[in-house]
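Taking it in order: structure first as structure tokens, then the write-up.
The values are calculated or read from the model by the stated rules, or taken from the named source; none is laboratory data. In this text the structure is predicted, and so the values were computed from the model without any measurement. Reconstructed Cβ throughout: ideal geometry from the backbone, glycine too, with neighbour counts over all protein chains shown. What goes into the accessible areas is simple: the full protein's heavy atoms, side chains included, and nothing from ligands, DNA or RNA. Shrake-Rupley method; radii C 1.70, N 1.55, O 1.52, S 1.80 Å.
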Amino acid sequence: MANLIRRNQGEGAPSTGLVWDPFRVMRDVLRWDPFRELEAAGGGEYGFFAPSFDVKETKEGYVFRADLPGVKEEDLEIALTGNHLTISGKREQEKQEQGDTYYASERSYGSFSRAFTLPDGTDGDNVKAELKNGVLQVVVPKKPEVQPRKIAIGKDEGTSKAKA
């Protein structure tokens, strides 16, 4: 097996003692978070908090899920206006005690708001939302007339009686 990382300085190597490691470079690239720079630039009490959502369609309706650890139910607002579903909330930063030393602070805090446009045929009167174990689930059912239904194949008895 070939040694991809050269540890010894050879002929023509720079005198700094640093050797280019392609694996280290890839690890750094894959770990890079461009939004971390925005968080630092934002300043203030709140940083940048943008939870990711999963949205799926089932036979019965549409299911929205988001991981929201540390978000309290009273800090969430879910609104449906026409066919626009808006989910917003905030996660507050924990109090930092004076004298505590932080070696890393990577969790995000702040406010967020996401808006989704629902297709026609959704039943806005029966939307259900649940926050359980840090996971928000919002279910928007479809109206019965737009749900798929099975149609039986067979003779139409009504037309044969009309001809008689």
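If a residue must be assigned to a strand (DSSP E or B), surrounded by 13 or more Cβ atoms within 10 Å (Cβ to Cβ) and not hydroxyl-bearing (Ser, Thr, Tyr), how many such residues does the range 58-105 contain?
Final tally of qualifying residues: 14.
Considering the range 129-138 alone, what residues qualify as being loosely packed, with under 12 Cβ neighbours inside 10 Å and part of a strand (DSSP E or B)?
Glu130, Lys132, listed by residue number.
Select from the range 100-121 the residues that are among the aliphatic types (A, V, I, L, M) and farther than 15 Å from Ser88 by Cβ and write down the one among them that is modelled with the highest pLDDT.
Within the range 100-121, the match that is modelled with the highest pLDDT is Leu118.
Output the number of residues of the range 111-121 satisfying the condition of being of a type outside the set (Gly, Ala, Ser), open to solvent by 50 Å² or more (accessible area, probe 1.4 Å) and within 21 Å of Ala66 (Cβ to Cβ).
Result for the range 111-121: 3.
Here is a list of conditions, (1) modelled with pLDDT under 85; (2) assigned to a strand (DSSP E or B), and Val55 meets all of them except one; can you say which number that is?
(1)
Of the residues Gly158, Gly124, which is open to solvent by less than 100 Å² (accessible area, probe 1.4 Å) and either in contact with a Cys (Cβ under 9 Å, 6 or more places away or on another chain) or modelled with pLDDT under 85 (or both)?
Of Gly158, Gly124, the one residue that is open to solvent by less than 100 Å² (accessible area, probe 1.4 Å) and either in contact with a Cys (Cβ under 9 Å, 6 or more places away or on another chain) or modelled with pLDDT under 85 (or both) is Gly158.
Given the criterion at pLDDT 80 or above and at positive phi, identify the matching residue among Gly12, Gly82.
Within the list Gly12, Gly82, the selection yields Gly82.
Regarding Leu131, is this residue in contact (Cβ under 8 Å) with a residue 60 or more places away in the chain and over 30 Å from Arg149 (Cα atoms)?
yes
Spot the failing condition for Ser108; the list is (1) open to solvent by less than 50 Å² (accessible area, probe 1.4 Å); (2) of a type outside the set (A, V, I, L, M); (3) assigned to a strand (DSSP E or B), and only one is missed.
For Ser108, the failing item is (3).
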